[in-house]
Amino acid sequence: MFRPLLALLAAVLLALTTGHSPAWSEARKKDVAVGDFKIVNTGGFVEEDGIRRSLATDTTMGTVKLSRVPGTNDILLKIGGSSIELFSMEKGLATFFWNPEDTNLLHGNDILNLAAKNSLEDVSAWAARIDWPDLGKVTLVLFNYDPGSYGGFLISNPPEKTVVRQMEFHQLHGPRHRADNLFNYNRPEHRR
């Protein structure tokens with residue numbers, strides 16, 4: 001299930017990047033790398049006629065590169081030679097509603113605990129609306145809960161249903177912080 005999703009994401013990103021002006025392409029060459037990340041689809045659901053069923057978890061991993069767009073708070077996601085710009089959300093993750101009730105998806109409190117934040121507005125988030133083959137418009141959401149880890153949702157509303165997929169991005173190099181580690185260098189009280 002994840003490989004077709006990853007291939008589809010690469011195709012969509014390629015379609016989005018064609019036709020941009022040379023200035024747009026030149027500006028993207030100056031991106032500041034965040035790093036290379038492994039991406040895995042960790043869950044999801046389809047809701048149709050008020051009935052929700054879980055999507056199978058797929059542990060197949062892909063690789064993406066995340067970078068910051070200079071002069072903005074936007075993030076560029078690169079996969080398979082294609083790029084998509086995710087725009088910074090002023091109200092953070094509070095901007096989105098993914099309704100994880102009765103699913104194995106991350107709930108708001110889970111994300112707050114992982115990010116060591118008190119409010120979803122404080123959890124940095126980025127998003128883009130893109131055209132997705134066979135699904136129409138989808139919202140791709142990325143949020144940061146740890147220096148080496150991001151989460152994401154792909155939310156679509158094809159006719160008569162809602163589909164939500166959850167993704168995790170873990171950095172390939174550098175420190176990996178465990179969610180259950182009570183000592184967190186990102187917390188002011190733990191800095192020396």
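The values are calculated or read from the model by the stated rules, or taken from the named source; none is laboratory data. The structure presented is a predicted model; accordingly, all values stated were derived computationally and were not measured. Cβ: placed from backbone, ideal geometry, glycine included. Neighbour counts: every protein chain shown. The protein model used for the area step is the full one, side chains on, heavy atoms only, and it has no ligands, DNA or RNA in it. Shrake-Rupley method; radii C 1.70, N 1.55, O 1.52, S 1.80 Å.
Using a cut-off of under 14 Å, list every residue of the stretch 116-158 whose amide N is near the label point 7 Å from the Cα of Ala94 along the Cα-to-beta-carbon line. Counting only backbone N, you get 117-125. Solvent exposure of the stretch 47-112, expressed per residue, is 56 Å² of accessible area, with all protein chains present and a 1.4 angstrom probe. Modelled spin labels at Asp131 and Lys117, positioned 7 Å past Cα toward Cβ, are 3.2 nm from each other.
In this label model, Glu47 and Thr162 are separated by 0.3 nm, measuring between points 7 Å along each Cα→Cβ vector. Probe 1.4 Å, all protein chains in place: accessible area of Trp132 in Å², nearest 10? The accessible area comes out at roughly 10 Å². Shape of the stretch 44-127 from the C-alpha gyration tensor: oblate (a/c of 1.5 or more and a/b not above b/c, with a ≥ b ≥ c the square roots of its eigenvalues). Taking the stretch 100-130 and a reference point 7 angstrom along Cα→Cβ of Asn73, the backbone N atoms nearer than 14 Å belong to 120-127.
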